[in-house]
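Notes follow the structure.
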Amino acid sequence: MLTRFLSHVGRFILMLKGMLNKPENRKVYWKEFMHQCYDIGYRSLPIVVIIATFLGAVMTLQSAYQLVSPIIPRYVIAQIVRDSTILELAPTMICVVLAGVVGSKIASELGNMRISEQIDALEIMGINTKTYLIMPKVVAALLMVPCLIILAIVVSMIGGYAAGAATGTVLPDQFHYGLTTDFVPFNMYVALAKTFTFAFIISAIPAYYGYHVEGGALEIGRSSTTSVVVSCITILLADYGITALMLSNG
């Protein structure tokens, strides 16, 4: 078990090292990069907006249900929604979903290219396939995922605002006051640190499993599933590590 784990780590590091070589044709790489930005960013917008909206709405109603004491002002609900969304819900929940949506696509795409020998054909032509196929995906994820998370934070708060106003649990003025009161800018730095880390995980790990797949169509499915599982576990471990560092610096 340990030997297999160390073998995967070594191959993963070698893949990253090979990915950082200088591109042969910048125009072709730029075209591939823009294509990946479209796939990772634009195509993920609907699911991100839907999840973020309901996360904010549910968090608002859940907080209102639990804070039954008349001593606690209602605007505290908005503060809970704001801080929970920024620190945990938006970065972690959205990236776990993206690990399934984006990660499985990356693993399946590269796995299909490996099985059909397209990667071998590119290498025979003298193209560094790690740089051409993997680097644009990783860089696009590092650019687009933070944008999606920032959008998710905004949409989640709008969803909470709408849910509070529709049910009467939090008045609009109370919700607005809670959002703007006692805001800690450091929380956004923590959220962005998580986001960039998770973006790398959900792009690099599926790329590794797809690039090194062996066998046929059945192995592509298994590799895609394994990449999603490993990505989610790694995201949760990284989430814990970053949160622990946040508490030690707080």
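The values are calculated or read from the model by the stated rules, or taken from the named source; none is laboratory data. Nothing here was measured: the structure is a model prediction, and the numbers come from that model. Counting neighbours? That spans all protein chains shown, and the Cβs are built from the backbone with ideal geometry, glycine included. What goes into the accessible areas is simple: the full protein's heavy atoms, side chains included, and nothing from ligands, DNA or RNA. Shrake-Rupley method; radii C 1.70, N 1.55, O 1.52, S 1.80 Å.
Would you work out the relative contact order for the range 118-250, in percent, from Cα pairs under 8 angstrom that are 6 or more residues apart?
25 percent
Along the Cα→Cβ direction, 7 angstrom out, place labels at His35 and Leu245. What is the inter-label distance in nm?
3.4 nm
Given a Förster distance of 35 Å, report the FRET efficiency between Leu6 and Val154 from their Cβ-Cβ distance, rounded to the nearest 0.05.
Computed FRET efficiency for Leu6 and Val154 comes out at 0.25.
Which whole-number percentage describes the relative contact order of the chain, with Cα contacts under 8 Å and a sequence gap of 6 or more?
33 percent
Roughly how many Å² is the accessible area per residue of the range 80-141, as a whole number, for a 1.4 Å probe?
35 Å²
Could you check how much of the accessible area of the range 80-166 is carbon and sulfur, as a whole percent, using a 1.4 Å probe?
71 percent
Each label point is 7 Å from the Cα along the Cα-to-Cβ direction; what then is the distance between the points at Arg222 and Tyr42, in nm?
3.7 nm
What is the local net charge at Glu219, summed over the other residues whose Cβ is closer than 15 Å to its Cβ (Lys, Arg +1; Asp, Glu -1)?
The answer is -1.
Extent of the chain along each principal axis, from alpha carbon coordinates, in Å, largest to smallest?
Over the chain, Cα extents along the principal axes are 71, 39, 34 Å.
What net charge is computed for the residues neighbouring Met93, neighbours being all others with C-beta under 15 Å from the C-beta of Met93, Lys and Arg scored +1, Asp and Glu -1?
-2
By how many nm would the segment from Leu14 to Glu117 grow when fully extended, if each residue of separation counts as 0.36 nm and the alpha-carbon distance is taken off?
Value of the extension gain: 35.0 nm.
Quick one: with all protein chains in place, what share of the accessible area of the range 191-250 is carbon or sulfur, to the nearest percent (1.4 Å probe)?
Whole-percent figure for carbon plus sulfur exposure: 72.
Per-residue ellipticity at 222 nm for the chain, helices alone: DSSP H runs ≥ 4 residues times -39500 (n - 2.57), over residue total, nearest 500 deg cm²/dmol?
So the helix-based figure for the chain works out to -25500 deg cm²/dmol.
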